[in-house]
Amino acid sequence: MNRSRTHLLLPTALALMGLLALASPARAQDAAMSTPMALDAGFRHTCALQADGAAFCWGSNRSGEIGDGTDTLRMAPTPVSGGTSWQAVSASQHRTCALDDDGAAWCWGLNVYGGVGDGTTEPRTTPTPVSGDREYDMISAGKSHVCALDGDEAWCWGNNGMGQLGDGTQDRRLTPVQVEAEADFDLISAGGQHTCALDDDGAAWCWGTNTDGMLGNGEDEGLSPEPVEVGGDHEFTTLDAGANHTCALTDDGEAFCWGLNQFGALGDGTQEVRTEPTAVAGEHTFTTITAGLGHSCGITEGGEALCWGFNSAAQLGIGTTQNALEPTAVDGGHAFAILSAGDYHTCGVTDAGLTLCWGLNPDAPLGATSPESLTRAPPPAG
């Protein structure tokens, strides 16, 4: 997506020490957000969840994805309306979804394909209950669809043009439908036009588009409107579906990725499509893995953040805009506890309690004072 912009190379740090202040040449006003316990980078906005259950979002708000009742751009963390206590939050393309403390799903923002799940296609600027009286355990918002787990059952809603809802059809669904699966799922992640999940044995299953091997079943064409098992006979503990690729971790921290690899998002040192899980280069031991639009990142057992793949907007945080085909250390020397790869930006929370973001900032997903800035790397630690 091309747009004219001025690149201001600002260090962007949301310094979370009691109150939040923006560390940049000009300090922004304080906002009452403490250190997040969870954080998710979406398309052009970012959301975070505090330990007390309060949710904050910042960045693009053109479809109401901030959830504050407006469509006004927010350059600093802004409380989500309603005063609800949340246990999980997921940011996607102009949409946000969350689970309250009772497991009820709520969504807000863009609703063209029914991604809010309220039975309509009307945009919502405040949290709106998803239809159905279910208690979900986790939720994941993809590009234009959303999936959630109720126990070991997967439910999805929204766009289904490529079968990404997994209900055996390609029909748009304005309310949740159950995924047609024989497996019992423990984890689910909605990507661009595909969805992946882990069953209770650690096997990965994917459904939706397979034009570039996103389903991991050894093929790179067509689609599957029902779950197919990912090849390789791996036992994974976590996975994350990006726009056109997916990454997962084994119990010993080894990272595998599959799907589109045009810019190196799979981290195997090549740009070749991989139709089955392929080991990420470097023999790193990861504790966290996250997949974005065309890049991926992970946290090692020592807290080091590594990123690889597409880097035209400096979303890798390595001080350049050159793509990286293998894991490369994020600048700054920080130890990270949380990391999330968005479309053209990445955000994380350090062990010291700082929330740091880097990459493209046209709609302020970094929380920077200028919505037209680009940040090549986090500021140095200390």
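The values are calculated or read from the model by the stated rules, or taken from the named source; none is laboratory data. In this text the structure is predicted, and so the values were computed from the model without any measurement. Here the Cβ is made from the backbone with ideal geometry for all residues, glycine too, and neighbour counts use every protein chain on show.
Laid out as a table, the results:
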item: Checking PRO36 against (1) crowded, with 22+ Cβ neighbours inside 10 Å; (2) within 11 Å of THR355 (Cα to Cα); (3) modelled with pLDDT under 95, the condition it does not meet; result: (3)
item: Among residues of the range 74-133, those that are surrounded by fewer than 17 Cβ atoms within 10 Å (Cβ to Cβ), part of a strand (DSSP E or B) and in contact with a Pro (Cβ under 9 Å, 6 or more places away or on another chain), counted; result: 0
item: The range 244-279, residues that are within 16 Å of LEU316 (Cβ to Cβ) and either of a type in the set (Val, Ile, Thr) or under 20 Å from the mean Cα position of the chain (by Cα) (or both); result: HIS245, CYS247, ALA255, CYS257, ASN261, GLN262, PHE263, GLY264, ALA265, LEU266, GLY267
item: Residue satisfying all of: in the range 147-170; part of a loop (DSSP other than H, G, I, E, B) and of a type in the set (Gly, Ala, Ser); surrounded by the fewest Cβ atoms within 10 Å (Cβ to Cβ) among these; result: GLY151
item: Checklist (1) more than 21 Å from the chain's Cα centre (by Cα); (2) in a strand (DSSP E or B); (3) more than 22 Å from ASN323 (Cα to Cα) applied to THR237, failing item; result: (1)
